[in-house]
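Notes follow once the structure below has been shown.
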Amino acid sequence: MGQPVVHFEIIGTDPPKLRGYYAELFGWEFDTGNAATEAVSQHGNYGFVDGSTTGDGSGINGGVGGGEGYEPRVLFYVSVADVEAALQKAERLGVTRVMGPDGTPGTLVVGKFIDPEGNVVGVAGAT
């Protein structure tokens, strides 16, 4: 079996407006704080969604954030044992790394790459 998607992000230039929209649309509740790195969202402007509190509790965790200067995007993160190793493998397969590893080793480390069709994909792990 492959590695699971463990987190999603919706990033934009007006995070409070985005959070209001998704709260109204899907009933999501947000715990606003900091993303793992400012490469993802402005400090203090990342709203976490706890997947266990949505619907039947089987959803994945996510976040809505960004801020002025952050390019709007929707992104998902795949769980990996080692972020650097996953990024190196992606590069060996012919794609471009765009971020990472970045974060706090032992807690959360993230990276991003551009897939062969131009989509940005994230990887997340503790190392």
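Picking from VAL78, VAL109, VAL121, VAL98, which residue would you name as being in a strand (DSSP E or B), more than 13 Å from the chain's Cα centre (by Cα) and over 21 Å from ARG19 (Cβ atoms)?
On the way: VAL78 fails: more than 13 Å from the chain's Cα centre (by Cα); VAL109 fails: more than 13 Å from the chain's Cα centre (by Cα); VAL121 fails: more than 13 Å from the chain's Cα centre (by Cα).
Sole residue among the options that is in a strand (DSSP E or B), more than 13 Å from the chain's Cα centre (by Cα) and over 21 Å from ARG19 (Cβ atoms): VAL98.
Given the criteria modelled with pLDDT of 95 or more and under 20 Å from ASN34 (Cα atoms), does LYS112 qualify?
Numbers: modelled with pLDDT of 95 or more: yes; under 20 Å from ASN34 (Cα atoms): yes.
Here the answer is yes, as LYS112 does meet what is asked.
Report the residue count in segment 18-28 for those that are surrounded by 14 or more Cβ atoms within 10 Å (Cβ to Cβ) and assigned to a loop (DSSP other than H, G, I, E, B).
Of the residues in segment 18-28, 1 are surrounded by 14 or more Cβ atoms within 10 Å (Cβ to Cβ) and assigned to a loop (DSSP other than H, G, I, E, B).
Considering only residues that are more than 21 Å from GLY57 (Cβ to Cβ) and open to solvent by less than 40 Å² (accessible area, probe 1.4 Å), look in segment 1-17 and name the one that is farthest from the chain's Cα centre (by Cα).
So the first thing to find is which residues in segment 1-17 are more than 21 Å from GLY57 (Cβ to Cβ), and the list is 1-3, 11-17.
Those left that are additionally open to solvent by less than 40 Å² (accessible area, probe 1.4 Å): 11-12, 15.
On the way: ILE11: 9, GLY12: 13, PRO15: 14 Å.
Going through the qualifying residues, I end up with PRO15.
Kindly list the number of the only condition in (1) touching a Ser or Thr at 6+ places or on another chain (Cβ under 7 Å); (2) open to solvent by less than 40 Å² (accessible area, probe 1.4 Å); (3) under 19 Å from GLN3 (Cβ atoms) that fails for GLY47.
In the conditions (1) touching a Ser or Thr at 6+ places or on another chain (Cβ under 7 Å); (2) open to solvent by less than 40 Å² (accessible area, probe 1.4 Å); (3) under 19 Å from GLN3 (Cβ atoms), GLY47 misses (3) alone.
The values are calculated or read from the model by the stated rules, or taken from the named source; none is laboratory data. All values derive from a computational prediction rather than experimental measurement. Don't worry about glycine lacking a Cβ; one is built from the backbone with ideal geometry, like all the others, and counts go over all protein chains shown. The accessibility values were calculated without ligands, DNA or RNA, using every heavy atom of the protein model including side chains. Shrake-Rupley method; radii C 1.70, N 1.55, O 1.52, S 1.80 Å.
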